[in-house]
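The values are calculated or read from the model by the stated rules, or taken from the named source; none is laboratory data. Everything numeric here is computed off the predicted structure, so don't read it as measured data. In this analysis, Cβ positions are derived from the backbone assuming ideal geometry, glycine residues included, and neighbour counts consider all displayed protein chains. Calculation scope for accessible area: heavy atoms of the full protein, side chains included, ligands and nucleic acids excluded. Shrake-Rupley method; radii C 1.70, N 1.55, O 1.52, S 1.80 Å.
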Amino acid sequence: MIQTLYHVPEYNEELIYPAVCKFMKDLNIGKDMRPDLKVVIKPNMVMAKNPSFPATTHPLVIKAVIRWLNEHGVKNITIAESSGGLYNGEYMKNVYYVCGMKQLEPEAVLNQDFSARTVNCKEGFRNHSFHIITPILEADYVINICKLKTHAMTGYSGGIKNLFGTIPGLEKPQMHYRWPDIRDFSRMLLELAQTVSPQLTIIDAIDAMEGNGPTGGTSHPLYMLLAAKDLYTQDYFAAKLMGLDPMDIEMIKQAVEAGLARPDEMELSGDSVPDNLTPFQVPDTKKLDFASALPGFLQKPFVFFASRLFKSYPLLNRELCVGCGKCAESCPAHIIKIENKKASFRRKGCISCFCCQEMCPMKAISVKKAF
Ligand code: SF4
Ligand code: SF4
């Protein structure tokens, strides 16, 4: 599989566009383009955040891709995403605006169809079906353009995780509730990725996020764009660029075990990997890792007890909380109440999904270990 990497020193259209042209050529994407093609771009717009903050896909990366598509005769382009909150016109209008997507009109349409349909999964999948936003299902060609981040629950967020945004609105927290175990949740993500099956995945890593991603971390630029048809192997490669062990990321580990990610077959095209990369800070949820220091036969029982002893819970900073209720809205366990204009958390029933932390616009929620 061909993995491309191109250095881009800043968010500047005239620097991004040549990189896009090069990786499209390396991957021979031009041969798939035709004037009647219906292309849907799936960015990361996890919440309404200004693109100068590395939580969402930068609009200039999308703009350069649209320019390339236009120059290859493709005019039917839609940008579709279900962000972390509600999935309706009013909510998404604000998300499009704050994330800087309005500047992409009229060359691309910002999706206004907020319906979703159920699609059946392949035989052998644990999930029998997924409820997916309609524009993705109606596309001839899906371009998945994600942001590179560390992630409080999954450890890493790239191409595979970005496709969770094809699940409509508040059905996402419900899926966290249905699969609270990271192994089950990761398997669900892989089955969803195989169901959506984007033709191309681009990783915006010009600036990336470290620490308490997907929305509470800080900037860690890599000054690069990655692109590949194989999103699984690409996630393995991107995690390594971040200084993570890909096999510590459950969804990537399962992708390798299932033969979806094949890092041994990867062929790098474009620029070389810089030799001055520094490791990303991991989220607070992942900081206690005594297990890896133990002999293999002790790791499983240790993890069993440690997962109970060291379970992570959300911790509220009352000074920062403005009582907006976004955490309560996204909590699949319904254990957050707004009382006296402040959030109040009940620990019992918490599944440590950190949807609340993800959706808090004030960074008022951090992670606390039980022990
Ligand atoms: S914790 Fe954050 S999301 Fe929840 S009410 Fe307070 S400010 Fe809003
Ligand atoms: S309180 Fe936060 S971490 Fe716990 S279940 Fe609710 S959203 Fe998930």
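Tally Lys/Arg at +1 and Asp/Glu at -1 over every other residue whose Cβ is under 11 Å from the Cβ of Met224; what's the total? Could you put the intermediate results ahead of the total?
Values: positive: none; negative: Asp204, Asp207, Asp271.
It works out to a net charge of -3.
How would Thr154, Thr195, Thr278 rank on accessible area, largest to smallest, probe 1.4 Å?
On the way: Thr154 10, Thr195 40, Thr278 80 Å².
My answer, sorted largest first, is Thr278, Thr195, Thr154.
Under 5 Å between amide H atoms, partner at least 5 residues away or on a different chain: which partners does Met224 have, H built in plane at 1.01 Å?
Close amide H contacts, sequence-distant or interchain: Val8, Ala205, Ile206.
From the phi of every residue in the stretch 274-284, what ³J(HN,Hα) in whole Hz does the Karplus formula 6.51 cos²θ - 1.76 cosθ + 1.60 yield, where θ is phi - 60° and glycine or proline is x?
x, 8, 10, 5, 10, x, 6, 5, 8, x, 4
Using alpha carbons only, how many degrees (0 to 90, rounded to 10) separate the axis of helix 59-71 from the longest principal axis of the chain?
Computed tilt is about 30 degrees.
Among the DSSP beta bridges whose two residues both lie in the chain, what percent are antiparallel, rounded to the nearest 5?
On the way: 29 of 50 bridges.
Antiparallel: roughly 60 percent of the beta bridges in the chain.
To two decimal places, what compactness ratio does the stretch 75-208 give when its Cα radius of gyration is scaled by 2.2 N^0.38 Å?
Working: Rg = 14.7 Å, N = 134, 2.2 N^0.38 = 14.1 Å.
Relative to the 2.2 N^0.38 Å estimate, the stretch 75-208 comes out at 1.04.
Each label point is 7 Å from the Cα along the Cα-to-Cβ direction; what then is the distance between the points at Asn317 and Asp245, in nm?
It is 3.1 nm.
Short version: ³J(HN,Hα) in whole Hz for each residue of the stretch 177-189, in order, from phi by Karplus 6.51 cos²θ - 1.76 cosθ + 1.60 (θ = phi - 60°), x for Gly and Pro, what are they?
5, 6, 10, x, 7, 4, 5, 5, 5, 5, 4, 4, 4
Determine the dipole magnitude for the chain: charges of +1 sit on the beta-carbon of Lys and Arg, -1 on that of Asp and Glu, nothing else is charged, the reference point is the Cα centre, and the result goes in debye to the nearest 20. Let's see the in-between values first.
Working: 42 positive and 39 negative charges, 324 e Å.
The dipole magnitude comes to about 1560 debye.
Work through the residues other than Asn88 whose Cβ is under 14 Å from its Cβ and net out their charges, Lys, Arg +1 and Asp, Glu -1.
Values: positive: Lys93; negative: Glu81, Glu90, Asp113, Glu171, Glu329.
Cβ neighbours under 14 Å give a net charge of -4.
For Leu15 and Glu105, calculate 0.36 nm times their separation in residues minus their Cα-Cα distance, and state this gained length in nm to one decimal. Walk me through the intermediate numbers first.
Values: separation 90, 0.36 × 90 = 32.40 nm, distance 2.08 nm.
Gain on extension, Leu15 to Glu105, equals 30.3 nm.
Quick one: net charge around Ile29, please, counting Lys, Arg +1 and Asp, Glu -1 for every other residue with C-beta under 13 Å from its C-beta. Display every interim value, and only then the final one.
Details: positive: Lys22, Lys25, Lys31, Arg34, Lys229; negative: Asp26, Asp32, Glu71.
For residues surrounding Ile29, the net value is +2.
Throw me the Rg/Rh for the chain, computed over C-alpha atoms with Kirkwood Rh, two decimals.
0.95
If amide hydrogens are placed 1.01 Å from N in the peptide plane, which non-local residues have theirs closer than 5 Å to the one on Tyr141?
The answer is Lys38, Val40.
Could you put Asp264, Asp140 in order of accessible surface area, largest first, with the 1.4 Å probe and the full protein assembly present? Numbers along the way, then the final one.
Working: Asp264 155, Asp140 70 Å².
Per-residue accessible area, sorted high to low, gives Asp264, Asp140.
Strictly under 4.7 angstrom between C-beta atoms: which cysteines of the chain have no such partner?
Cys21, Cys99, Cys121, Cys146, Cys321, Cys324, Cys331, Cys350, Cys353, Cys355, Cys360
From the phi angles alone, apply the Karplus equation (6.51, -1.76, 1.60; θ = phi - 60°) to the stretch 51-58 and give each ³J(HN,Hα) in whole Hz, x where the residue is Gly or Pro.
x, 6, 9, x, 9, 10, 5, 6
Taking 8 Å as the Cα distance limit and 6 or more residues as the minimum spacing, I'd like the relative contact order of the stretch 50-140 as a percentage. Write down the numbers at each step before the final one.
Values: 88 pairs, mean separation 24.9, N = 91.
Here the relative contact order equals 27 percent.
Explain nothing, just the number: relative contact order of the stretch 131-220, from Cα pairs under 8 Å at least 6 residues apart, as a whole percent. Intermediate results must be reported in sequence, preceding the final value.
Details: 118 pairs, mean separation 37.1, N = 90.
So the answer I get is 41 percent.
With the contact rule set at Cα under 8 Å and sequence spacing of 6 or more, what percent relative contact order holds for the chain? Could the numbers behind the result be given before it?
Working: 757 pairs, mean separation 68.3, N = 371.
Once divided by the residue count of the chain, the mean separation gives 18 percent.
Helix-derived [θ] at 222 nm for the chain: sum -39500 (n - 2.57) over DSSP H runs of at least 4, divide by residue count, nearest 500? Mind dumping the intermediate values first?
Working: 12 runs with 112 residues, N = 371.
Estimated from H runs of four or more residues: -8500 deg cm²/dmol.
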